[in-house]
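Novice: Quick one: this structure, given as structure tokens, is what I'll be asking you about.
The values are calculated or read from the model by the stated rules, or taken from the named source; none is laboratory data. The shown structure was predicted, so the numbers you read here are calculated from the model rather than taken from an experiment. Methodologically, a virtual Cβ is constructed for each residue, glycine included, from the backbone with ideal geometry; neighbour enumeration extends over all protein chains shown.
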Amino acid sequence: MSEPWLVGLDVDGTILLQDETMSPGVPEAITRVREAGHEVTIATGRSWMATRRYVEELGLTAEYVVCSNGAVTMRRVDGEWERWKIETFDPRPVLALLQERLPDARYMVELASAQRLYTAQLDDWTLDGGRQVDFDELGAEPVSRIVVVSPGHDEEDFHRLVSDAGLNEVSYAIGWTAWLDIAPQGVDKGTALEQVRTALGVDGSRVFVAGDGRNDIGMFGWAQSHGGRAVAMGQAPDEVKNAAGEITDDVVDGGLAAALDTLPAPAQVDASE
């Protein structure tokens with residue numbers, strides 16, 4: 001067969017529709033790509049807790065899965081998942097800046113152990129096993145991410161906040177439903193996928209990534225820097241499309257399935273061999 005590719009896929013807005021059902025044709029396309037011998041994995045802003053079900057539902061056999069916008073990479077060892085690479089940072093300076101500007105926001109941090117500490121319930125976030133704490137306790141130890149949800153603030157407000165607060169010592173992404181997700185400096189889906197690519201020994205020209213959000217821009221740049229492919233979903237913001245090398249259809253129209261179907265199929269075996 002042709003040489004295998006490393007395929008890294010965003011979840012929300014790429015694999016999943018907004019109601020969390022699968023985009024048309026995606027399960028079947030992923031199965032075809034996987035059976036062709038390619039390494040299909042997930043690269044998402046979601047935590048591992050909120051990602052594992054889709055790894056299982058899609059029948060992925062990948063050894064590695066990238067979560068938390070690259071701050072957490074899981075590895076499958078003898079059928080069991082372990083936390084392989086965890087990136088952390090001191091959250092206190094960032095939390096102090098944010099509290100000053102968004103005193104009424106809801107905050108959550110994820111510790112290196114995967115436990116979540118939160119100040120108030122966050123809609124659409126998996127907090128099973130988490131613990132509600134006072135704001136000051138959020139910064140008691142290093143974290144792999146900070147999530148901020150502030151009712152009444154939209155995406156433009158968050159962009160302005162990031163600029164005004166001078167958040168240049170951490171990496172950040174603004175989610176598709178307007179939350180701010182802050183990771184360690186220099187960490188994104190692309191940095192994590194590079195560690196996975198190196199561990200697997202896949203040539204950089206055979207990487208394929210797809211996504212729809214601003215947190216996918218780093219992943220797009222990484223893939224293209226190696227001569228690989230970066231595909232933006234049709235409904236992505238213009239700046240995301242501009243960062244990609246290719247644009248497919250909207251998620252509701254099965255854009256990911258169409259893009260996956262362009263990957264090389266296994267070579268036909270000559271019957272005389």
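Novice: Could you please let me know if T198 is within 30 Å of G37 (Cα to Cα), buried (at least 22 other Cβ atoms within 10 Å of the Cβ), assigned by TED's automatic domain parsing to the domain that holds E20 and at pLDDT 80 or above?
Specialist: No.
Novice: Still on this structure: Do any residues in segment 60-71 that are under 25 Å from I174 (Cα atoms) have Cβ atoms under 6 Å from those of residues that are part of a helix (DSSP H, G or I) and among the small types (G, A, S), where the two are at least six apart or on different chains, and which pairs are they?
Specialist: Hits for this filter: V66/A192; G70/A192.
Novice: Hey, another quick one. For M233, indicate whether it is touching a Gly at 6+ places or on another chain (Cβ under 6 Å), under 24 Å from R75 (Cβ atoms), in contact (Cβ under 8 Å) with a residue 24 or more places away in the chain and in the same structural domain as D10 (by TED's automatic domain parsing).
Specialist: no
Novice: I've got another one for you. Could you tell me which numbered condition L98 fails, if it satisfies all but one of (1) hydrophobic (A, V, I, L, M, F, W, C); (2) under 29 Å from E20 (Cα atoms); (3) in the same structural domain as F158 (by TED's automatic domain parsing); (4) not in a strand (DSSP E or B)?
Specialist: (2)
Novice: I'd like the residue in segment 109-159 that is modelled with pLDDT under 90, among the charged types (D, E, K, R) and surrounded by 13 or more Cβ atoms within 10 Å (Cβ to Cβ) and, out of all such residues, is nearest to the chain's Cα centre (by Cα).
Specialist: It comes out as E155.
Novice: Within segment 196-250, how many residues are outside any loop (DSSP other than H, G, I, E, B), among the aliphatic types (A, V, I, L, M) and touching a helix residue (DSSP H, G or I) at 6+ places or on another chain (Cβ under 9 Å)?
Specialist: Qualifying residue count, segment 196-250: 12.
Novice: May I ask you to list pairs of residues, at least six apart or on different chains, whose Cβ atoms are under 8 Å apart, with the first in segment 202-213 being closer than 15 Å to G37 by Cα and the second being basic (K, R)?
Specialist: Close Cβ pairs (under 8 Å, with a partner that is basic (K, R)) amount to V207/R197; V207/R229; F208/R229.
Novice: Do any strands (runs of 3 or more DSSP E) lying entirely in segment 1-82 carry at least 1 residues that are surrounded by fewer than 17 Cβ atoms within 10 Å (Cβ to Cβ), and which ones are they?
Specialist: Answer list for segment 1-82: 72-77.
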